[in-house]
Amino acid sequence: MADSAAVPAVLADLGIEAPDLRVFGTVPLFRAEPDQLLPSWRRLRAAHDRTGLWPVILGSDDDIAHLGQRFGRDPDTEVARGLALDAPSRLAEWRAELQEDDPDAPPRGDAAGLEPQDEDDFDLAGKPGWIGLVTAAAGYLVPGLLAWSGAENAGLEPADHVAVLKRWHDLYGAELAGLGLDVIELWVPRPPAGPAAALAAAEEQYWYCPDVVDQGVETLDALAAIQVPSRRWFFWWD
């Protein structure tokens with residue numbers, strides 16, 4: 001993890017004010033207002049190659065509780081497992097499990113008239129909150145490095161997030177922007193183009209996080225129309 005002594009100099013060099021800088025667990029973090037969370041993330045992300053620090057919007061005081069919840073998991077082991085996992089095979093396993101319970105999953109429906117969501121409307125940046133700085137070669141490693149447990153109620157382990165996020169990074173340039181108590185948000189600079197590619201990506205999103213449809217946009221087609229073409233992808237496990 002980042003050397004907290006070096007973080008003030010990094011922030012000052014980037015022109016980021018961080019009056020409430022602290023360390024939670026092993027993660028240096030600072031508080032920011034909603035209008036500064038996303039701009040600060042972008043500045044820090046642009047400097048990642050130089051600093052080695054991956055910025056993550058962590059949400060409110062309640063959200064950062066996940067930083068100390070590892071449940072006996074070793075971060076290095078989770079990263080190694082995630083990099084060794086075959087993401088398409090893991091997605092196929094989740095698909096089989098979901099369709100065993102509901103052969104008609106995912107729900108389909110007409111998406112005519114639906115528009116992509118606002119790419120700057122990050123849920124975790126909607127209220128005063130925290131940005132953490134994690135020493136990481138890439139954003140997709142962060143759920144493993146933090147042994148993130150936000151989707152364990154759905155049977156997903158930190159290594160699973162490493163594998164899936166790396167796949168989407170390789171395909172679409174997806175980068176981890178937010179990691180809350182039970183939320184992951186991605187910045188996706190190259191979202192799938194065309195209806196068939198969007199629908200295929202929406203299926204992967206559904207197998208990874210059914211709640212984004214079942215308790216969100218209601219149909220796979222709506223997900224393909226609203227979220228997939230946007231540069232902001234949101235996942236939430238109830």
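The values are calculated or read from the model by the stated rules, or taken from the named source; none is laboratory data. As the structure is a prediction and not an experimental result, all values here were calculated from the model. Side chains included, ligands, DNA and RNA excluded: accessible areas come from the protein's heavy atoms. Shrake-Rupley method; radii C 1.70, N 1.55, O 1.52, S 1.80 Å.
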- Query: For the chain, what does -39500 (n - 2.57) per DSSP helix run (n ≥ 4), summed and divided by total residues, give at 222 nm, in deg cm²/dmol to the nearest 500?
  - Reply: -11000 deg cm²/dmol
- Message: Please report the spacing between the Cα centers of the stretch 132-203 and the stretch 39-108 in Å, no decimals.
- Response: 5 Å
- For the stretch 1-41, which whole percent of the accessible surface, found with a 1.4 angstrom probe, sits on carbon and sulfur atoms? 53 percent
- Item | Percent of Cα-Cα distances greater than 25 Å, calculated over the chain | 39 percent
- Message: At 1.4 Å probe radius, can you tell me the per residue accessible area of the chain in Å²?
- Response: 44 Å²
- Item | Length gained when the stretch Ala47-Glu97 is fully extended (0.36 nm per residue, less Cα-Cα span) | 13.9 nm
